[in-house]
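The values are calculated or read from the model by the stated rules, or taken from the named source; none is laboratory data. Keep in mind the model is a prediction, meaning the values are calculated, not measured. Note that we place each Cβ from the backbone using ideal geometry, even for glycine, and neighbour counts take in every protein chain shown.
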Amino acid sequence: MACVRCSKPQDGARDGQATHSYCKACWVSWGELVKTGGKFELPSEVEDLANRVGILLRPSKKRHGKIFRCERCNQDLSHWELLNHLFLEHKQNDTGSTDSDPSDRSWDSDSDQESVILWETCWEYLAREGEKQAWQAFWPEAQEEIETKYKNNIHSFDLRTNGCWYEMDLSQLVQKNSHTGRARKIRRHRKFHASAAQKFTELERQVEDLGCDIVAKENMLDKKAEEVHTLTSQVQKVEVSFAEKDLQLQNQVKTAGEIEEAYRQNRQLQAPILTSCPEGPWVEELRDALKKTAHSQGGCAPMQNLKIVKIEKIHNISLWSRYSNTKERLHRELKEEDRVQPTRPKSLLSDLLQKTFQFIQLDADVGEALLLHGTRPENKEVIARKGFNERLSRSNGLYGQGIYFADQSCKCYQYSGAITGGGEGIFIVARVLLGDPFMAKGTMKGEREAPERDTSGSRYNSVIADAGTPHVPSTTGPASAPAQAQVHREYIVYDGAQAFPEMVIHFQV
């Protein structure tokens with residue numbers, strides 16, 4: 001079957017209705033859009049005639065609603081103009097007759113409310129004007145009588161109009177003058193209703209105005225888009241500038257830290273191992289940090305009455321060199337073993353101490369932290385001169401023979417030698433290299449090293465016993481005695497070179 005539009009053989013594309021078939025190209029460019037439910041829906045009789053005339057569909061925003069094109073008449077038409085144009089200009093030519101067939105009910109849609117509004121029926125006779133013939137409308141009263149007879153299927157009757165009697169034959173569409181015997185052709189014609197035409201003209205003007213408004217708004221949107229693009233470029237430049245300045249600041253901070261460390265090492269060569277620190281606002285900051293990280297009840301309550309007596313700075317270049325070498329070794333181990341970046345618990349005390357002592361630059365890659373170690377005053381000289389020694393630790397510690405640190409001052413208070421009511425105790429603020437820590441799941445008595453990470457023999461670098469870690473049940477109590485649990489978080493290293501004593505805090509409670 002041939003395409004109803006271009007007459008080419010169909011290639012399998014049908015619109016789903018038996019009366020209309022298109023090829024694929026015509027279906028996409030025309031049929032799919034004008035069929036019932038399409039974007040530019042047309043009545044079926046209008047669609048048929050548009051196919052025969054060859055009406056083109058060219059939707060475009062710039063055409064302001066005139067989306068149809070009649071190549072025969074060289075006209076652009078809107079939706080409503082197309083209906084009028086086809087019926088008035090092309091219907092008779094494309095049906096091959098100058099007369100309307102009253103039996104052709106496809107053009108008679110009086111039952112359709114929309115058609116009644118848009119179209120009106122007009123009976124006309126073919127009159128001669130000089131050498132030309134033209135269709136003339138019957139007088140209004142004759143129009144009404146003829147239409148009534150037509151609708152009642154009375155095809156032969158006499159009609160008086162314009163002062164003459166005529167014999168009317170609606171089946172043959174002929175009228176005959178009863179006096180002269182002259183016969184003329186007649187037709188039942190449909191034309192666009194005058195009021196509807198006026199309304200459509202007004203609507204077309206509105207559509208045209210809307211089209212102009214849309215174009216203006218599109219231009220405005222284009223300008224806004226250009227402004228947004230310009231602003232985006234400016235923001236990107238500012239972001240790049242901020243990033244560059246941030247990098248410069250980081251480099252400056254790093255350089256300042258290196259200078260501070262170099263100065264510190266040089267000073268250690270010249271200064272005594274223990275020197276008293278001057279008083280200043282930072283002492284109050286340190287006291288607040290120690291109180292803030294302590295529990296306020298039970299055996300920890302005395303720390304709320306903390307009073308700092310004296311602070312001493314430790315200068316020991318040999319201990320610092322040992323600590324620095326251990327840090328470099330730990331860097332290499334973590335990099336060579338390609339370990340996943342370990343997750344370490346956040347330490348509030350370490351953050352507060354670093355804020356107080358801003359000259360201390362910590363290395364997060366090896367888990368460097370500022371922690372507290374509680375001990376008796378008589379031990380400070382040994383630790384300041386020789387550092388921490390894991391071999392002197394107790395072998396019956398809950399987590400083995402290691403060096404214990406905490407980030408809560410009330411835990412270190414238990415080992416500081418301080419007595420409520422005047423006794424003096426000490427805390428040692430130390431840098432500690434945690435590396436890749438093992439999170440304890442229970443006690444580890446008797447251990448001298450951190451647990452193995454895998455079967456290759458690689459070990460964790462430290463142990464962290466978090467609050468809530470269960471203890472082994474007491475063997476001296478009843479068999480049903482519940483296991484105790486860790487109250488404070490503790491950090492354990494099994495190599496004294498992983499910790500460097502920074503300063504000694506003398507205090508009373």
Say whether the condition of being at pLDDT below 80, assigned to a helix (DSSP H, G or I) and more than 34 Å from the chain's Cα centre (by Cα) is met by at least one residue in the range 236-248.
no
Before we move on, is residue 405 in a strand (DSSP E or B) and free of Cβ contacts under 8 Å to residues at least 40 places away in the same chain?
no
Taking the range 168-183, which residues are under 13 Å from residue 125 (Cβ atoms) and surrounded by 13 or more Cβ atoms within 10 Å (Cβ to Cβ)?
168, 169, 170, 173, 174, 175, 176, 177, 183
Give all pairs with beta carbons closer than 7 Å in which a residue from the range 150-166 that is surrounded by 11 or more Cβ atoms within 10 Å (Cβ to Cβ) and among the aromatic types (Phe, Trp, Tyr) meets a residue that is modelled with pLDDT under 90 and part of a loop (DSSP other than H, G, I, E, B); count only pairs at least 6 apart in sequence or on separate chains.
150/102
Based on this model, can you work out whether residue 403 counts as over 49 Å from the mean Cα position of the chain (by Cα) and assigned by TED's automatic domain parsing to the domain that holds residue 319?
yes
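Hey, can you tell me all the residues within the range 282-305 that are of a type in the set (A, V, I, L, M, F, W, C) and either touching a Leu at 6+ places or on another chain (Cβ under 6 Å) or outside any loop (DSSP other than H, G, I, E, B) (or both)?
Selection gives 282, 283, 286, 289, 290, 300, 301, 303.
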Just to confirm my filter: which strands (runs of 3 or more DSSP E) fall fully inside the range 37-152 and include at least 1 residues that are at pLDDT below 80?
119-129
Kindly indicate the residue of the range 348-400 that is in contact with a Phe, Trp or Tyr (Cβ under 8 Å, 6 or more places away or on another chain) and assigned to a strand (DSSP E or B) and also surrounded by the fewest Cβ atoms within 10 Å (Cβ to Cβ) among those meeting that condition.
375
Regarding residue 356, is this residue within 46 Å of the chain's Cα centre (by Cα), of a type in the set (Val, Ile, Thr) and modelled with pLDDT under 85?
yes
Of all residues making up the range 420-450, the number that are part of a loop (DSSP other than H, G, I, E, B) and surrounded by 12 or more Cβ atoms within 10 Å (Cβ to Cβ)
13
Starting from residues that are hydroxyl-bearing (Ser, Thr, Tyr) and at pLDDT 80 or above, keep the ones in the range 458-505 and report whichever is farthest from residue 427 (Cα to Cα).
458
Cβ pairs under 8 Å, 6+ apart, first in the range 213-234 and under 22 Å from residue 65 (Cβ atoms), second assigned to a helix (DSSP H, G or I):
214/61; 215/61; 215/62; 218/61
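So that you can scan it fast, the table gives a plain yes or no per residue for (1) assigned by TED's automatic domain parsing to the domain that holds residue 278; (2) touching a Leu at 6+ places or on another chain (Cβ under 6 Å); (3) at pLDDT below 85:
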| position | (1), (2), (3) |
| --- | --- |
| 308 | yes, no, no |
| 324 | yes, no, no |
| 332 | yes, no, no |
| 342 | yes, no, yes |
| 346 | yes, no, yes |
| 363 | yes, no, no |
| 366 | yes, yes, no |
| 371 | yes, no, no |
| 375 | yes, no, no |
